[in-house]
Amino acid sequence: QNTILAVTAITGFLATFMASSINIALPLIESEFHLSAVMLGWISTAFVLSTGAVLMAVGRIADLYGRTRIYLIGLVAFTVFTFASAFAPSVTVLLVMRVLQGLASGLLFATHHALVTLSHPPEVRGRALGLQVAGVYLGMTVGPVLGGVIVRNTGWRILFVIVGALCLLNCVAAIWKLRKTEW
């Protein structure tokens, strides 16, 4: 129970942190790739659009093939595409990685509430969901501030590396503890 709550809360934090902190990195990305304002806008928008585009379908797929399986696939994919974004040689590659990162995020957000709901009995379910949602909103809140500190001191690519490294740790914990868990 607590492992599922911790892993999903951290995942929610990291995904929303990445979504909100990328906006602070856009001026540095623009200066490196010499982008127009429209293309620059797509770097942050592509993530959100691709996440939202798959939520309904992924929810149904998770019902059919296993919520934990879909969650773990999404977590691994999100980790890989976060790291890959750090090494994007062009804006086209970065944009594709952001779309793929958003699709992976859709797998996470379509399943992580269900995992917590199913793993916690009714008497503690509200508290568990509240803590999980707190992780999501904490990521959205501290993303611009902490992301700004990271980007200002180390560059936009290191932002992806740091989030990717934290995702990797969360991913290892999730696979280790959840791989045989299903309802």
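Key figures for this structure:
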quantity	calculated
Residue under evaluation Met56, criteria (1) at pLDDT below 95; (2) buried (at least 23 other Cβ atoms within 10 Å of the Cβ), criterion not met	(2)
Conditions (1) open to solvent by 20 Å² or more (accessible area, probe 1.4 Å); (2) more than 15 Å from Ala19 (Cα to Cα); (3) modelled with pLDDT of 95 or more: number failed by Gly74	(1)
Top-ranked residue in segment 159-171 [being out of contact with any Ser or Thr (no Cβ under 7 Å at 6 or more places or on another chain) and crowded, with 16+ Cβ neighbours inside 10 Å; ranked as nearest to Thr3 (Cα to Cα)]	Leu166
Residues satisfying the stated conditions in segment 92-119, i.e. in contact (Cβ under 8 Å) with a residue 40 or more places away in the chain and open to solvent by less than 10 Å² (accessible area, probe 1.4 Å)	Leu94, Arg98, Gln101, Gly102, Ser105, Gly106, Leu108, Thr111, His112, Leu115, Val116
Some residue of segment 133-142 being within 19 Å of Ile43 (Cβ to Cβ) and not polar (S, T, N, Q)	yes
Meets criteria (under 16 Å from Leu168 (Cβ atoms), outside any loop (DSSP other than H, G, I, E, B), in contact with a Phe, Trp or Tyr (Cβ under 9 Å, 6 or more places away or on another chain) and not charged (D, E, K, R)) for Ala114	no
Matching residues in segment 145-158 - criterion: being open to solvent by 50 Å² or more (accessible area, probe 1.4 Å) and either within 20 Å of the chain's Cα centre (by Cα) or within 30 Å of Arg67 (Cβ to Cβ) (or both)	Val145, Leu146, Val149, Arg157, Ile158
Of the criteria (1) at pLDDT below 95; (2) under 24 Å from Ala25 (Cα atoms); (3) among the polar types (S, T, N, Q), which one Thr68 fails	(2)
Test for Gly74: is it closer than 18 Å to Thr51 by Cα, free of Cβ contacts under 8 Å to residues at least 60 places away in the same chain and either touching a strand residue (DSSP E or B) at 6+ places or on another chain (Cβ under 9 Å) or not aliphatic (A, V, I, L, M) (or both)	yes
Entirely in segment 1-104, the helices (runs of 4 or more DSSP H) that have 3 or more residues that are touching a His at 6+ places or on another chain (Cβ under 8 Å)	2-33
Failed item, numbered, when Phe33 is tested on (1) more than 11 Å from the chain's Cα centre (by Cα); (2) over 23 Å from Asn153 (Cβ atoms)	(2)
Segment 1-39 - residue that is closer than 30 Å to Glu123 by Cα and of a type in the set (Ser, Thr, Tyr) and, of those, most open to solvent (accessible area, probe 1.4 Å)	Thr3
Failed item, numbered, when Gly139 is tested on (1) farther than 16 Å from Val7 by Cβ; (2) within 13 Å of the chain's Cα centre (by Cα)	(1)
Pairs where the first residue, in segment 125-147, is in contact (Cβ under 8 Å) with a residue 24 or more places away in the chain and the second is open to solvent by 50 Å² or more (accessible area, probe 1.4 Å), C-beta under 6 Å, 6+ apart	Pro144/Ile24; Gly147/Ile24
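The values are calculated or read from the model by the stated rules, or taken from the named source; none is laboratory data. Note that this is a predicted model, so its numbers are computed, not measured. A quick note on method: Cβ atoms are made from the backbone with ideal geometry, for glycine too, and the neighbour counts reach across all protein chains shown. Note: accessible area is taken over every heavy atom of the protein model, side chains too, but ligands, DNA and RNA are not part of it. Shrake-Rupley method; radii C 1.70, N 1.55, O 1.52, S 1.80 Å.
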